[in-house]
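For reference, the structure discussed in these notes is given below.
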Amino acid sequence: MAFSHQSLLFLVATLLLMQTLGDAATCSDCFIQSRAAYYPNSDEQGTETGACGFGSFGATINGGDVSAASDLYRDGVGCGACYQVRCKNSNYCSDNGVTVVITDHGASDRTDFILSRRAFGRMAQTTDAAASLLALGVVDIEYRRVLCSYPNKNITFKIDENSNYPYYLAFVLWYQQGKKDITAVQLCETQNFVCKLLDRSYGAVWTTTSPPSGPLQIRMLFSDDDGDETWVVPVNNIPENWKPGDLYDSGVQVL
Ligand SMILES: *[C@@H]1O[C@H](CO)[C@@H](O)[C@H](O)[C@H]1NC(C)=O
């Protein structure tokens, strides 16, 4: 079988293209180039007021290494996701950079991240380098999704303070480890296990009006970046007499 010169070139180009696409598809650990800014007024802690609705959890999460995301916010699905972010100026920046948790939605000048001031400084090698970085305001970075880690914590149901027993239930899931997304949540009553899909009201906040009475089971759908989906049924239910502000341990953790 004879190939003309052109068709051979075309074949080689096609194979190269297929290989590139294949690499891109399997490269979930690769760093992606972008830019990051920081909240000028943020203090050393996280924030209770982020768009994710983490409340008091947001104020202490990950020691204050938190960030707002623009596209990565993904209508709230990105809330709680962890990213390794490292800046690229070799005079100032450390090799590891910083690991942040997404707690808010926002964009600045072509940025993917608006870090807390603390997290921004922690991309630097030294305190002096941190001051130089902060003076720049916006820097080139590269980032990748990484596992979140909350040692000795189970996923915890936090009943939002705006809930109104027994008519309106809003809650947030705390301490989700790993790097999967929670893409759906079902609320099941525990006698006949009739379930209904809940609405993601905003950020990481799930809500329902007229929740069933009795203990409540919250099932969570975890999705990974290959598109694999798994429903996780917790060990513990939310007790019948749930109260706004309370925390309930699910008894499960997911990696
Ligand atoms: C997590 O849940 C398990 C039960 O599934 C329990 O034995 C363990 O004590 C819980 N861990 C924490 C830190 O609460």
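Bear in mind that the values in this text are calculations on the coordinates, not laboratory data. Model, not experiment: these values are computed from the prediction. Glycine also receives a Cβ, built like all others from the backbone with ideal geometry; neighbour counts cover every protein chain displayed.
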### Message
Of the residues G251, G227, only one is free of Cβ contacts under 8 Å to residues at least 12 places away in the same chain and within 30 Å of S28 (Cα to Cα); which?
### Response
G227
### Message
Just checking, does the range 122-134 include any residue being under 19 Å from G55 (Cα atoms) and touching a residue at least 12 places away in the same chain (Cβ under 8 Å)?
### Response
no
### Summary
Considering the range 142-174, residues that are away from the ligand (no atom under 16 Å from the Cβ) and among the β-branched types (V, I, T), and then whichever is farthest from D225 (Cα to Cα), we arrive at I159
### Query
How about the range 175-255: which strands (runs of 3 or more DSSP E) wholly inside it have at least 3 residues that are within 26 Å of E48 (Cβ to Cβ) and within 16 Å of the ligand (Cβ to nearest atom)?
247-249
### Message
Pairs needed: first member in the range 142-155, in contact (Cβ under 8 Å) with a residue 24 or more places away in the chain and farther than 18 Å from D181 by Cα; second member anywhere, more than 9 Å from the ligand (Cβ to nearest atom) and hydroxyl-bearing (S, T, Y); C-beta distance under 9 Å; at least 6 residues apart or different chains.
### Response
E142/S34
### Message
Looking only at the range 122-157, count every residue that is more than 19 Å from the chain's Cα centre (by Cα) and among the hydroxyl-bearing types (S, T, Y) and tell me the total.
### Response
3
